[in-house]
Amino acid sequence: MSIKVENIGEPGYEVSGGFSHTEVYVALLSTFAALTEPKDLCGTGAATTLEELVTITTAHTFNTGYGFTKMRAIQESVGLETTQIGDPNKSPMQENKLTVQLLGSKPELLGFKRQFKGQDIVVLAPEFGSGNLRQIGSAKFAGKISESSSKIEATVDGENTTTLVFMDKQKYDAPIYSVTGGGITLQPA
């Protein structure tokens, strides 16, 4: 693959961090009929652009009757960190951690924590500025809830939140799920 890289890192028009405060989507890996991933570095169907190395362009499909559960996070509480792990000369991987903070302690939120802990999952979260949907979890390396905490402070005006950290390990940074029409199927009511 021959890729020109002389324009990498040029400033954008209005680059901003953060994630949308209204949407985080979570689904059990076992409910998918097909899950796609970015193209490989080499071999049949290898990526020909840098974008193809971290972009998913074919929609995931669910088994009948399943879809993503939509969660509403607290504004400016969602963050994504990616760190290279492993020996850089042998088999480096990327560890992706998506932290989400949710308001309150409703039974459905606490029940979600109980149902999804220890399960293989896939998570989508939209970036605030670009609108890119970033994905945690894949068919090969499922996402997990790596941390879960709830906090109810003693004072009436105190904090009442639940924090979840979704984590995976991949060959790449949390990929961008860029499917025409959004490609998000919600859990039927």
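Given +1 at the Cβ of Lys and Arg, -1 at the Cβ of Asp and Glu and no other charges, the dipole of the chain around its Cα centre is 700 debye to the nearest 20.
Accessible surface for region 131-170, divided over its residues, is 50 Å² per residue with a 1.4 Å probe.
GNM on the chain, alpha-carbon springs under 10 angstrom: the most fluctuating residue among Leu109, Leu29, Leu133 is Leu109.
Summing Lys, Arg as +1 and Asp, Glu as -1, what charge do residues with Cβ under 12 Å from the Cβ of Glu52 carry, Glu52 excluded? Could the numbers behind the result be given before it?
Values: positive: Lys39; negative: Glu37, Asp40, Glu51.
With Lys, Arg at +1 and Asp, Glu at -1, the neighbours total -2.
At a 1.4 Å probe radius, which order do Arg72, Arg114, Arg134 fall into by accessible area, largest first?
Numbers: Arg72 155, Arg114 185, Arg134 45 Å².
The residues order as Arg114, Arg72, Arg134, largest area first.
The lysines whose alpha-carbon is closer than 18 Å to the alpha-carbon of Lys113, local same-chain residues fewer than 8 away aside, are Lys70, Lys97, Lys144, Lys151.
Per-residue Karplus couplings for region 57-70, computed as 6.51 cos²θ - 1.76 cosθ + 1.60 with θ equal to phi - 60°, are listed in order as 10, 9, 4, 6, 10, 9, 5, 4, x, 10, x, 6, 8, 8 Hz, Gly and Pro entered as x. Backbone geometry of region 119-129 corresponds, through the Karplus equation with coefficients 6.51, -1.76 and 1.60 at θ = phi - 60°, to 3J(HN,Hα) couplings of 8, 7, 9, 10, 10, 10, 9, x, 5, 5, x Hz, x marking Gly and Pro.
Applying the Karplus relation 6.51 cos²θ - 1.76 cosθ + 1.60 with θ = phi - 60° to region 38-52 yields 3J(HN,Hα) values of x, 5, 7, 5, 8, x, 5, x, 5, 4, 10, 9, 4, 4, 5 Hz, where x marks Gly and Pro. Remark: accessible surface ordering of Leu50, Leu186 (largest first) is Leu186, Leu50, probe radius 1.4 Å. For the chain, take the longest principal axis of its alpha carbons; what is the angle in degrees between that and the long axis of helix 107-116, to the nearest 10 within 0 to 90? In the chain, helix 107-116 runs at an angle near 40 degrees to the longest axis.
Across Pro107, Pro175, Pro38, mean-square fluctuation computed from a Gaussian network of the chain (C-alpha pairs under 10 Å connected) peaks at Pro107.
Distant-in-sequence amide contacts of Leu133, defined by a placed amide H-H separation under 5 Å and a gap of 5 or more residues or a different chain, comprise Glu127, Tyr177.
How much net charge surrounds Lys97 when only other residues with a Cβ under 9 Å from its Cβ are counted (Lys, Arg +1; Asp, Glu -1)?
Around Lys97, the charge tally is -4.
How charged is the neighbourhood of Thr36? Take every other residue with its Cβ under 13 Å from the Cβ of Thr36, and add Lys/Arg as +1 and Asp/Glu as -1. Overall, the nearby charge balance is -1.
The values are calculated or read from the model by the stated rules, or taken from the named source; none is laboratory data. Note that the structure is predicted; figures quoted are calculated from it, not measured. Reconstructed Cβ throughout: ideal geometry from the backbone, glycine too, with neighbour counts over all protein chains shown. Surface areas here come from the heavy atoms of the whole protein model, side chains and all, with no ligands, DNA or RNA. Shrake-Rupley method; radii C 1.70, N 1.55, O 1.52, S 1.80 Å.
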